[in-house]
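A.B. asks: Before anything else, here's the structure in question.
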Amino acid sequence: QVQLVESGGGLVQAGGSLRLSCAASGSIFSINPMGWYRQAPGKQREWVATIAIGGITNYADSVKGRFTMSRDNAKNTVYLQMNSLKPEDTAVYYCSYLLNTQRYWGQGTQVTVSS
C-alpha cells in the first residue's frame, strides 16, 4: 500500500510563489515516477508534472518555465515549486504514484491565486 500526503497549499497573490510537498510512505520505489495533478472547480483533473528515474521531469505547457518538480528519494518526498502564479493556477493539487497498474492519490491541497 501507498500513502501520499500533500501540504503547502494556500492563498497567494498573482505573481507569487508556493512550494507544495508530497510525503509518500509504503511501497515507494525511486524507480517509479511520481506526478502532480490539479483540478479546478468544474473542470477535469489535469496533469501538471512528472518526475522519473534520474530526476527527469516533464511539465504541462501551461506551467512550463514557472513550475519546478523535484524529488528527495531519501525522504520519499516530492516537491512542486510554483513561481509566477496566475489566477488560472487555482485548483486542488494532488500528487500521484503509479505502482504496477495501481495509481495512488493523496487527499490534495488547495492553491488559490488571487488577481
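The values are calculated or read from the model by the stated rules, or taken from the named source; none is laboratory data. Bear in mind the structure is a predicted one, so any value in this text is a computation, not a measurement. Cβ sites come from the backbone with ideal geometry, for glycine too, and all protein chains shown count toward neighbours. We work out accessible area using only protein heavy atoms, side chains counted, and drop any ligands, DNA or RNA first. Shrake-Rupley method; radii C 1.70, N 1.55, O 1.52, S 1.80 Å.
A.B. asks: Could we say that L99 is more than 11 Å from the chain's Cα centre (by Cα) and surrounded by 14 or more Cβ atoms within 10 Å (Cβ to Cβ) here?
C.D. replies: Answer is yes for this residue.
A.B. asks: Now, a different point. Could you please find all residues in the stretch 41-52 being open to solvent by less than 60 Å² (accessible area, probe 1.4 Å) and part of a strand (DSSP E or B)?
C.D. replies: Within the stretch 41-52, V48, A49, T50, I51 meet the criteria.
A.B. asks: I need the full set of residues from the stretch 53-68 which are in a loop (DSSP other than H, G, I, E, B) and open to solvent by less than 40 Å² (accessible area, probe 1.4 Å), in order please.
C.D. replies: Of everything in the stretch 53-68, those that are in a loop (DSSP other than H, G, I, E, B) and open to solvent by less than 40 Å² (accessible area, probe 1.4 Å) turn out to be A60, V63, R66.
A.B. asks: Restricting the first residue to the stretch 69-90 and requiring it to be open to solvent by less than 50 Å² (accessible area, probe 1.4 Å), which pairs with a second residue that is not in a strand (DSSP E or B) meet a Cβ separation below 6 Å and a spacing of at least six or different chains?
C.D. replies: L85/G16
A.B. asks: For a quick check of your reading of the model, give me the residue pairs whose first member lies in the stretch 8-22 and is touching a residue at least 24 places away in the same chain (Cβ under 8 Å) and more than 12 Å from F67 (Cα to Cα), whose second is surrounded by fewer than 17 Cβ atoms within 10 Å (Cβ to Cβ) and among the β-branched types (V, I, T), with beta-carbon atoms closer than 9 Å and at least 6 apart or on different chains.
C.D. replies: So the pair list comes out as G9/T112; G10/T112; L11/T112; V12/T112; S21/V5; C22/V5.
A.B. asks: Something else about it: Return the residue satisfying two criteria in turn: it lies in the stretch 20-36 and is surrounded by 14 or more Cβ atoms within 10 Å (Cβ to Cβ) and assigned to a strand (DSSP E or B), and of such residues it is nearest to the chain's Cα centre (by Cα).
C.D. replies: Within the stretch 20-36, the match that is nearest to the chain's Cα centre (by Cα) is W36.
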